[in-house]
1. Failed condition for ASP27, given (1) over 26 Å from VAL98 (Cα atoms); (2) without any contact (Cβ under 8 Å) to a residue 12 or more places away in the chain; (3) part of a helix (DSSP H, G or I), with all others met?
2. Give the number of residues within region 18-31 that are open to solvent by 50 Å² or more (accessible area, probe 1.4 Å) and among the hydrophobic types (A, V, I, L, M, F, W, C).
3. Filter region 54-71 for residues that are farther than 17 Å from ASP8 by Cα and in a strand (DSSP E or B); which is least open to solvent (accessible area, probe 1.4 Å)?
4. Please state which of the following conditions ARG15 fails to meet, knowing it meets all the rest: (1) of a type in the set (D, E, K, R); (2) open to solvent by 80 Å² or more (accessible area, probe 1.4 Å); (3) farther than 30 Å from LEU137 by Cβ.
5. Going through region 58-76 one residue at a time, which ones are more than 12 Å from the chain's Cα centre (by Cα) and modelled with pLDDT of 95 or more?
6. Give just the number: which of (1) assigned to a helix (DSSP H, G or I); (2) under 12 Å from the mean Cα position of the chain (by Cα); (3) modelled with pLDDT under 95 does LEU130 not satisfy?
7. Would you check which residues across region 33-53 are open to solvent by 30 Å² or more (accessible area, probe 1.4 Å), assigned to a loop (DSSP other than H, G, I, E, B) and on the phi < 0 side of the Ramachandran plot and list them?
Amino acid sequence: MPTPSMEDYLERIYRLIDEKGYARVSDIAEGLEVHPSSVTKMIQKLDKDNYLIYEKYRGLVLTPKGKKVGKRLVDRHHLLETFLTTIGVQEENIYRDVEGIEHHLSWDSITCIETLVEYFRKDPARLEELQSVRAELDKD
């Protein structure tokens, strides 16, 4: 399993390739707010661990393993954003909160959150009930 830092890089690389068709060291560094030299070191580690193939000055390509993990991480991020939105977290807090919790939840917890989001999606009355409970609590 990749470390939380490796996950951040894989998620960012996956997103860049999905959006632009490629991922450059400078784009990764900018997106993660790190120095390009840190990106190069991590890319070399991800290459060694078979998440990507890196050729100096030519760029990088995710391996099937890297694509699978990258997609899973992007999906996890999206799920947590959806969950926090569903339960009424203020929009300005969502990104920071997701970044703060995504590496600390087990995949079992992620699966349970996914089930809960689906539970609310299938029946909007359930979501209305949740919102009314929250409104009552906010009054106190």
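1. Exception for ASP27: condition (1).
2. Selection size over region 18-31: 0.
3. First pass over region 54-71, keeping only residues farther than 17 Å from ASP8 by Cα: 54-59, 64.
Subset that is in a strand (DSSP E or B): 54-55, 59.
Working: TYR54: 48, GLU55: 94, GLY59: 31 Å².
So the residue we want is GLY59.
4. Of (1) of a type in the set (D, E, K, R); (2) open to solvent by 80 Å² or more (accessible area, probe 1.4 Å); (3) farther than 30 Å from LEU137 by Cβ, only one is false for ARG15: (2).
5. Applying the first criterion (more than 12 Å from the chain's Cα centre (by Cα)) to region 58-76 yields 58-68.
LEU62, THR63, PRO64, LYS65, GLY66, LYS67, LYS68 - these are the residues of region 58-76 that are more than 12 Å from the chain's Cα centre (by Cα) and modelled with pLDDT of 95 or more.
6. For LEU130, the failing item is (2).
7. Filtering region 33-53 down to residues open to solvent by 30 Å² or more (accessible area, probe 1.4 Å) leaves 33-38, 40-41, 44-45, 47-50, 53.
Filter again for assigned to a loop (DSSP other than H, G, I, E, B), leaving 33-35, 49-50.
If the condition is that a residue be open to solvent by 30 Å² or more (accessible area, probe 1.4 Å), assigned to a loop (DSSP other than H, G, I, E, B) and on the phi < 0 side of the Ramachandran plot, then VAL34, HIS35, ASP49 are the ones that fit.
Quick grid of which residues meet (1) surrounded by fewer than 10 Cβ atoms within 10 Å (Cβ to Cβ); (2) at pLDDT below 95; (3) of a type outside the set (Val, Ile, Thr):
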position: HIS78; (1), (2), (3): no, no, yes
position: GLY88; (1), (2), (3): no, yes, yes
position: ILE94; (1), (2), (3): no, no, no
position: GLY100; (1), (2), (3): no, yes, yes
position: HIS104; (1), (2), (3): yes, yes, yes
position: PRO124; (1), (2), (3): yes, yes, yes
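The values are calculated or read from the model by the stated rules, or taken from the named source; none is laboratory data. Since the structure is predicted, the reported quantities are computational estimates derived from the model, not experimental observations. Every residue, glycine as well, gets a Cβ built from its backbone with ideal geometry; the counts of neighbours run over all protein chains shown. Accessible surface is based on the protein model in full, side chains and every heavy atom, while ligands, DNA and RNA are left aside. Shrake-Rupley method; radii C 1.70, N 1.55, O 1.52, S 1.80 Å.
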